Amino acid sequence: MSSETPSATSPLVGVLALQGAFEEHQHCLEAVGCRTVRTPAQLEGIDGIVFPGGESTAMGLIGSKDGMWDALKEFVAEGKPTWGTCAGMVLLADRCVGGSAVITNGQSLIGGMDVLVCRNYFGSQVSSFEMATPCPPGSQDTSDYPGVFIRAPAILNAGADLNVLGRVVATPSRAAAVVLDELEKKIAAGENVIMMGVVDALQRTGTNGQHIDYKKIIKPDESASTSTDQEEKKESMTLEEQQRGIHLPGAADGTNAREVICAVRKDNVLCTAFHPELTEDYRWHEYFFNMVRNSSKVTEEESSS
């Protein structure tokens with residue numbers, strides 16, 4: 001971003017610098033004014049903040065030691081613009097599945113976004129890739145955005161009051177497919193799933209289990225199911241069941257490919273599953289900075305009235 005020079009009155013964006021790709025975000029935003037944030041005291045004077053991609057488990061462990069997690073929760077709750085990318089999106093989720101196996105009490109989340117996120121939906125580090133994703137709303141350049149996915153999560157379900165900004169059709173990794181299969185069983189049993197860890201994705205055969213392979217989860221082709229059948233099923237549910245239930249995106253055409261959410265916004269909270277900071281396309285950074293600028297204007301007007 002190089003469209004303007006920061007001034008004394010320009011809004012200031014913070015980049016959470018506990019771990020991850022914070023330097024890349026800082027590079028993208030330095031032209032409009034930003035600084036790294038590592039302690040609760042450094043949140044003072046920040047008009048908006050970016051939670052970068054990286055390792056959400058590590059961020060949670062580091063941030064819980066000095067009151068940073070509570071300070072960030074308060075920052076988000078106050079309605080200040082916040083953007084989570086990849087791991088940062090996981091942190092902002094209210095619900096998470098596929099959490100780290102090394103955390104006994106579950107994934108440490110900040111919350112604030114009514115979404116159900118599946119960690120590592122797109123696979124491991126070696127499965128990183130780039131794919132076309134929707135551009136941010138209001139962009140003059142409406143061409144596809146180059147979404148970089150690195151151990152990326154996916155949003156499986158979003159609250160009705162959220163604004164979905166982007167969807168992609170993608171097959172979950174083998175490990176994520178097993179997590180989703182277990183999640184669907186819990187939902188079918190009536191469980192309200194807030195947090196769920198990883199599920200053993202390996203199957204062991206042979207005398208002493210010497211043959212190890214990934215469990216194969218392939219959904220049946222439900223294309224023959226008509227919209228009338230689906231409506232009748234929905235009508236058979238009580239209103240309470242419809243409101244309480246989590247509806248996962250269905251696997252398509254006898255495969256595990258699903259339409260998942262990769263970008264979503266609610267008020268001043270923005271989430272993207274991909275890494276805009278790893279491209280030279282600044283449209284998402286410009287979109288977020290406009291969120292911060294508009295929020296700052298509202299705050300100034302309220303203070304002066």
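Taken one residue at a time, the phi angles of the range 13-22 give Karplus couplings (6.51, -1.76, 1.60, θ = phi - 60°) of 9, x, 10, 4, 10, 7, 5, x, 8, 6 Hz. Gly and Pro are set to x. In this view, the solvent-accessible surface of T39, computed with a 1.4 Å probe and all protein chains in place, comes to about 50 Å².
Phi angles of the range 278-284 translate, via the Karplus equation with coefficients 6.51, -1.76, 1.60 and θ = phi - 60°, into HN-Hα couplings of 9, 10, 9, 9, 9, 4, 6 Hz per residue; Gly and Pro are given as x.
The phi-based Karplus calculation (6.51 cos²θ - 1.76 cosθ + 1.60; θ = phi - 60°) puts the 3J(HN,Hα) values of the range 180-185 at 5, 4, 5, 4, 4, 5 Hz, whole numbers, x for Gly and Pro. For G84, nonlocal amide neighbours, meaning residues 5 or more places apart or on other chains whose placed amide H falls under 5 Å from its own, are F51, L270, C271, T272. Of the listed residues I110, I187, the order by accessible area with a 1.4 Å probe, largest first, is I187, I110.
Ranking R35, R283 by solvent-accessible area of protein heavy atoms (1.4 Å probe, all protein chains present), from largest to smallest, gives R35, R283. Count Lys and Arg as plus one, Asp and Glu as minus one, and take only other residues whose Cβ is under 9 Å from that of G112; the net charge is then 0.
The amide H of D94, built 1.01 Å from its N in the peptide plane, has G112, M113, V115 as neighbours under 5 Å, considering only residues 5 or more places off or on other chains.
The values are calculated or read from the model by the stated rules, or taken from the named source; none is laboratory data. Note that the coordinates shown come from a computational prediction; the quantities given were computed from them, not determined experimentally. As a convention, Cβ positions derive from the backbone with ideal geometry for all residues, glycine included, and neighbour counts pool all protein chains shown. The protein model used for the area step is the full one, side chains on, heavy atoms only, and it has no ligands, DNA or RNA in it. Shrake-Rupley method; radii C 1.70, N 1.55, O 1.52, S 1.80 Å.
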